[in-house]
Amino acid sequence: MDQVAEGIDPNVLRLEIAILWNNKAWAGLRAAASQGFSQVARPLEALLTILEGCAAYKKPADLKQRVLLEFQQWLKDHPQVSLASLPEEQALPLRLRALELVTERLPGVANPIIDIYQLRLMEPAALTQHVARLKGLSLHCEAATFSVKMGLQLALDMEDMCIPLLLQDKVTLAESFVYGHPHLELRLVTLLDSWCDPRTTQDFLSGMYPDLVLSQFHINQLTSKVLSKHVFRLIGKFNIDPALCHHSVHMRKKGTLRFLMEKRFKWKDIDEENWSDHTKAIIADDPEMQIYLDALLTNYTSSKHAAQLSRMFRDGPNAQKSCLNATPQEWAVPKHHSDRYYQLPISRDNIHFLGTVEDLQQCRELVFKEGGTVGVDMEWRAGFGCVVPQRVALIQLAVLDQVFIVDMCSAGLWQHPSTLDFMKSFLCDTKVRKLGYDLGGDLKYLQTTWSLPEPLKMARVLDLHSVHQEIKRLKVKRTAEKGLSQLVQHVLGKPLDKREQLSYWERRPLHQSQIRYAATDAFCLLEVFSAVGREPSRYGLTPEKLAV
């Protein structure tokens with residue numbers, strides 16, 4: 001039972017607690033609350049009276065939180081005080097009074113009230129009515145928070161609940177409202193995408209809820225640029241098909257085309273073939289993108305050249321020569337190139353392009369050789385704001401005087417179970433030392449490529465990125481190079497040629513320059529490790545730093 005024959009007046013207890021609160025007499029407040037709740041006739045009803053009266057005092061939310069904390073502590077010693085001990089005709093009025101107090105988003109206030117008065121046991125109609133009351137008071141955030149706590153999402157209209165949140169830049173709260181309900185997640189994302197339509201104005205959006213007071217900051221968050229960022233973040237979070245978000249996808253494609261135009265015609269740091277490959281991948285068979293590309297071409301080049309390029313993109317790709325064979329003349333590099341950049345010290349014949357499961361198995365003996373060392377690298381298409389998860393296009397494995405390039409764009413190879421088994425076994429093999437540079441990124445994309453639920457496990461791996469960080473502590477001479485190229489320059493004397501870094505790695509066949517780049521990135525790891533291993537002290541290292 002939760003009542004006794006006699007008891008003190010709850011309002012007297014409220015006043016005593018408030019005085020102690022104002023005087024910051026925390027010990028006295030704790031004692032008064034503990035004794036007072038034991039002396040009132042109906043503690044659960046008295047608690048509501050005290051909470052309802054807190055509004056008259058300073059920092060009412062904090063005071064409510066403190067009262068609830070003390071009551072919860074008191075309940076531990078009085079477990080018999082429970083709403084379950086009351087008949088429904090007495091419990092319901094208390095629940096309805098408690099429901100009126102659940103307006104704050106502070107967990108320290110709302111959560112205890114919900115638990116103490118078992119509000120989750122109320123009829124859904126009463127709970128949704130409370131949500132409507134909160135929205136009628138323009139307490140949209142409080143309404144959404146309460147709805148999530150009570151699991152009411154499916155009983156409410158998603159747009160009515162989330163649009164006011166989005167207009168107030170409360171996207172995270174809108175996310176929490178739909179989270180775990182795939183059809184609501186999709187509706188939220190497609191709603192945001194519809195706002196990215198060029199015909200949708202800020203005035204239209206801000207006028208959707210005329211009674212909602214929006215600051216200039218809120219209005220500035222309603223641009224298509226800001227909204228599309230939310231769309232793409234949520235596409236990834238909720239695993240939604242980007243094709244369902246037409247406006248955001250087209251916005252990003254247009255931005256990527258503008259960026260590629262700048263790289264090709266203004267900065268001139270991408271060659272025409274790679275620029276063409278990336279551009280073709282973006283426009284694909286999309287007439288709208290082709291029209292936009294034509295407009296860009298006229299702004300960046302002469303009318304005649306623009307027309308030629310436009311025809312090239314409309315006609316599709318030209319026949320390309322296979323990368324599997326190259327004459328010595330085609331493979332040779334000019335002297336000025338060899339003087340400037342690190343050169344791959346093996347012949348083209350020792351670079352093997354693996355496109356089938358049978359090809360992959362043929363290199364097993366060398367790659368899994370006990371006590372061996374393998375340089376590992378991977379390539380994927382440059383993102384340029386891509387709208388789909390990036391996947392690995394090549395895996396390079398360098399051993400001794402050979403490099404094996406695994407074609408992950410060959411469906412018969414990357415989709416075959418034995419390929420994944422091969423890589424898992426290789427990465428976990430404790431008898432083989434693996435060398436990489438910032439391998440975390442490579443493995444992340446490899447995980448995406450195979451849609452693996454968990455990260456790939458590795459054993460006996462030396463990431464030369466950490467070795468590079470140690471070397472840089474020696475205050476070596478600064479260079480314009482970065483990453484692996486800088487490490488190679490520090491240790492082997494010349495940097496890497498990174499012109500193919502932003503290459504379109506999913507094109508087939510590959511250029512000879514792409515084959516050279518891919519093989520070099522893997523093989524140079526072996527040479528760096530060998531050079532540093534011979535004289536570790538020269539680079540400020542101890543042998544233990546290289547041991548795996």
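General observations
- Taken along its three principal axes, the alpha carbon spread of the range 400-458 comes to 29, 26, 19 Å, from the longest extent down to the shortest.
- Approximate spin-label separation His336-Ala41, in nm, with each point projected 7 Å along Cα-to-Cβ: 10.1 nm
- Nearest-0.05 FRET efficiency for Thr172 and Val12, computed from C-beta distance (R0 56 Å): 0.85
- With 10 Å bins from 0: P(r) over the range 277-436, alpha-carbon pairs, percent: 8, 26, 27, 24, 11, 3, 0
- In nm, spacing of pseudo-spin labels at Ala295 and Glu89 (7 Å Cα→C-beta vector): 7.3 nm
- The chain: relative contact order in percent, alpha carbon pairs under 8 Å with at least 6 residues between: 9 percent
- The range 485-494 - phi-based ³J(HN,Hα) in whole Hz, Karplus 6.51/-1.76/1.60, Gly and Pro as x: 4, 5, 4, 4, 5, 4, 8, 9, x, 9
- Summary: within the chain, the longest segment free of trypsin sites (Lys or Arg not before Pro) located in DSSP loops with at most 12 other C-beta atoms within 10 Å is 59-198.
- FRET E, pair Arg478, Glu272, Förster distance 45 Å, beta-carbon r, rounded to 0.05: 0.85
- For the range 224-305, the set of GluC sites (Glu not before Pro) satisfying both a DSSP loop assignment and a count of at most 10 other C-beta atoms within 10 Å is empty.
- In nm, spacing of pseudo-spin labels at Ser530 and Gln216 (7 Å Cα→C-beta vector): 6.5 nm
- Loop-resident GluC sites (Glu not before Pro) (DSSP state other than H, G, I, E or B) in the range 337-413 with no more than 14 further Cβ atoms inside 10 Å of their Cβ: Glu370.
- With Cα atoms defining each centre, the range 82-140 and the range 399-456 are spaced 54 Å apart in the structure.
- The Rg/Rh ratio of the chain, with Rg taken over Cα atoms and Rh as the Kirkwood radius over Cα pairs, comes to 1.13.
- Computed from the C-beta positions of His465 and Asp401, the FRET efficiency with R₀ = 35 Å rounds to 0.90.
- Extreme residue, positive dipole direction of the range 331-419, given options Ala398, Trp380, Cys363 (C-beta unit charges): Trp380
- Within the straight-line cut-off of under 29 Å between alpha carbons, the lysines reachable from Lys266 are Lys225, Lys229, Lys253, Lys254, Lys280, Lys304, Lys335, Lys482, Lys494, Lys498, sequence neighbours fewer than 8 places apart in one chain being disregarded.
- Between Lys254 and Leu154, the contour length at 0.36 nm per residue exceeds the alpha carbon distance by 32.3 nm.
- A straight chain from Lys498 to Asp62 at 0.36 nm per residue would run longer than the Cα-Cα distance by 151.0 nm.
- Surface analysis of the chain yields an accessible area of 50 Å² per residue, using protein heavy atoms and a 1.4 Å probe.
The values are calculated or read from the model by the stated rules, or taken from the named source; none is laboratory data. Keep in mind that what you see is a predicted model, and the values were worked out from it rather than measured. Glycine also receives a Cβ, built like all others from the backbone with ideal geometry; neighbour counts cover every protein chain displayed. For the accessible areas, the whole protein counts, side chains as well, though only heavy atoms, and no ligand, DNA or RNA atoms are used. Shrake-Rupley method; radii C 1.70, N 1.55, O 1.52, S 1.80 Å.
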